[in-house]
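Taking it in order: structure first as C-alpha cells, then the write-up.
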Amino acid sequence: MGRLIDTFNEHIEKVRRGEIIKNNIEEKIEKDIKKIKWDSTLKKWLFKLKEKQEYKEDRVFFAFYRPFIPIQVYFDKVFNNTISKLPSIFPTPDAENLAIAVSGRGSHWFDAFITDKIVSIDFINKTQIFPLYVYAIENNQLFDKTVQKVYNITDKALNHFQKTLSDNSITKEDIFYYVFGVLSTPSYVEKFKNNLTKELPRVPIFESFKEISELGKTVSRITACISKLCVSSSNER
C-alpha cells in the first residue's frame, strides 16, 4: 500500500503540473500493476484531490474475503472502490459490531452469515449486510465531534415486535438475533427460496420468538469463536 500510495502521489503531482489531463490519462498513467492497480474510481480521485495521500496504520483492518477466510485490507475511501456505508458500521479496526450478511437480489441461492469484520461484496453472493449498530458522528460544537454508537434497529420496529407478541421485555438485541435465527433456519430458506432469489428477505414474527432468538445468539457465538480462531491462525502465519 505504501508503494501504491507513493505512485498515486506521483500522478497527483503530474496532474498539478498539467502533464496528465482527462483526455490523456489512459496514455500517461503507470501500467505496472506491481506499483498500482487503477480502476475508474481511483482515476477520478486523481482530479478531485489536491493534497498528497499518506499511508496510515490505523486504516489496516482485518476483514473476511469469504466465510472464515480472513485477510488484511487497507480500508480507505480513496483506495477502495464503493465502500458505501461500511465506515459507519466498522469505523475503526477495533470497533465492536455485528452484522448479518445475506445473499443479495439475483443470487442463485440464499445464505445467511454473521460477521464482526468487514466483508467483501462476494463474501457469500452479492452480499448485503445489516448491522446491529451504526456509528454516527455528532457535531456538538463548532469543532467538537463525537462518535455515538446507536442501534440500527428502530424504536418503531421494537414497538412492533413488543406489541405483536405482547411482551415488553423484548430488546433490540433480541430482535437482531431473532432475525439471524430465522434466516439461518433451513425450513425458512426452503419455504421462501423462490422469493429469496428475487428480493431481500422478509422476516415473519413467530410465537416462538424467544427460542429462535436464543438459537440465533448461540449460532452467532459459535461463528464468532471460529472467526477468532481463523484470525489468530492468520496472525501466526
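We did not get these values from a lab; they are worked out from the coordinates using the rules stated. If you're wondering where the values come from, they're calculated on a predicted model, not measured in any experiment. We place every Cβ from the backbone using ideal geometry, glycine too, and count neighbours over all the protein chains shown.
General observations
- Distant-in-sequence amide contacts of Asn152, defined by a placed amide H-H separation under 5 Å and a gap of 5 or more residues or a different chain, comprise Tyr133, Val134.
- Using 0.36 nm per residue and subtracting the Cα-Cα separation, the extra length available between Asp122 and Ala136 on full extension is 2.4 nm.
- About its Cα centre, segment 83-194 has a charge dipole of approximately 420 debye under the convention of +1 per Lys or Arg Cβ and -1 per Asp or Glu Cβ, with nothing else charged.
- Net charge, Asn168 excluded, C-beta distance under 14 Å - Lys, Arg +1, Asp, Glu -1: 0
- Across segment 2-48, the volume of the C-alpha convex hull divided among the residues equals 66 Å³ per residue.
- Straight Cα distances below 22 angstrom link Lys52 to the lysines Lys14, Lys22, Lys28, Lys31, Lys34, Lys35, Lys37, Lys43, Lys44, Lys77, with same-chain residues fewer than 8 positions distant left out.
- In the chain, a dipole from Cβ-located charges (positive for Lys and Arg, negative for Asp and Glu) runs towards its positive end, and of Tyr188, Ser84, Ile36 it is Ile36 whose Cα lies farthest in that direction.
- Working note: Debye formula, equal point scatterers on the alpha-carbon atoms of the chain, no solvent; log10 I(q)/I(0) at q = 0.10, 0.18 Å⁻¹ is -0.62, -1.35.
- Cα Rg, Dmax, segment 75-178, angstrom units: 16.1, 50
- Estimated vicinal HN-Hα couplings, Hz - segment 27-44 in sequence order (Karplus 6.51, -1.76, 1.60; Gly, Pro = x): 7, 9, 6, 5, 9, 6, 6, 6, 9, 6, 10, 8, 9, 4, 5, 5, 5, 5
- Each helix, a run of at least 4 DSSP H residues, gives -39500 (n - 2.57); summed and divided by the residues of the chain, these come to -11500 deg cm²/dmol at 222 nm.
- Taking the Cα centre of the chain as origin and assigning +1 to Lys and Arg Cβ atoms and -1 to Asp and Glu Cβ atoms, the resulting dipole is close to 760 debye.
- Placing +1 on the Cβ of every Lys and Arg and -1 on the Cβ of every Asp and Glu, with no other charges, gives segment 2-48 a dipole of roughly 120 debye about its Cα centre.
- Each residue of segment 87-103 is assigned a 3J(HN,Hα), and the resulting list reads x, 8, 9, 10, x, 9, x, 9, 5, 8, 6, 10, 9, 7, 9, 10, 5 Hz, derived from the Karplus form 6.51 cos²θ - 1.76 cosθ + 1.60 (θ = phi - 60°), x at Gly and Pro.
- Approximate spin-label separation Gln72-Phe206, in nm, with each point projected 7 Å along Cα-to-Cβ: 4.2
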